[in-house]
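Trainee: Let me give you the structure first, and then I'll get to my questions.
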Amino acid sequence: ETYDWLKRVDRTNLTVDSAHEYLQEVLNRIVIPVVYGITNPTQGVHIVHACATILGLDLAKELPPTTLVITGMRKTNDLEQGHKYIIKAFKPFGKIEEAAITPNNRGFGFVRFFKPESVQKALKKYREYSIDIQDVSVSVKTLKSELSR
């Protein structure tokens, strides 16, 4: 969702205030699902942290890099099947906390490991060979800011 927001805004006029406003909207949308037990608090924190990271906002404390963004996947609306493909491809690198693909045939997703070492193992394999999902070699990168500071 944050990547989509960045595509819609004029980056030449993007300010820290507008990024903070967007992050506040995300935070407001996360609170209700956490309060009602639809999303656990840790997932809520990870979502807000990921948005802040992508927006290039300063954080009080950096979290260890445990999330990889996956691009170049086959586009599908079958979220459950896409989840299974990601788990299968990344399980050899370590215990997975969460994985998902984006809806609406976008062809990308993410995987979040419990340990940063798992991210390093996956990146090493990606640099030396390839990581395939559904017989397609995908691109993998750590979650980081999409904006220059």
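Trainee: Just for strands (runs of 3 or more DSSP E) wholly inside segment 13-126: which have at least 3 residues that are in contact (Cβ under 8 Å) with a residue 60 or more places away in the chain and crowded, with 17+ Cβ neighbours inside 10 Å? Walk me through it before giving the result.
Mentor: Working: elements: 67-71, 96-101, 108-113.
So the answer is 67-71.
Trainee: Could you say whether any residue in segment 142-149 is at pLDDT 70 or above, open to solvent by 80 Å² or more (accessible area, probe 1.4 Å), outside any strand (DSSP E or B) and closer than 15 Å to VAL69 by Cα?
Mentor: no
The values are calculated or read from the model by the stated rules, or taken from the named source; none is laboratory data. No experiment lies behind these values; they were computed from the predicted model shown. Quick reminder, even Gly has a Cβ in these numbers, built from the backbone with ideal geometry, and neighbours come from all protein chains shown. In case anyone asks, the SASA skips ligands and DNA or RNA and just uses the protein heavy atoms, side chains included. Shrake-Rupley method; radii C 1.70, N 1.55, O 1.52, S 1.80 Å.
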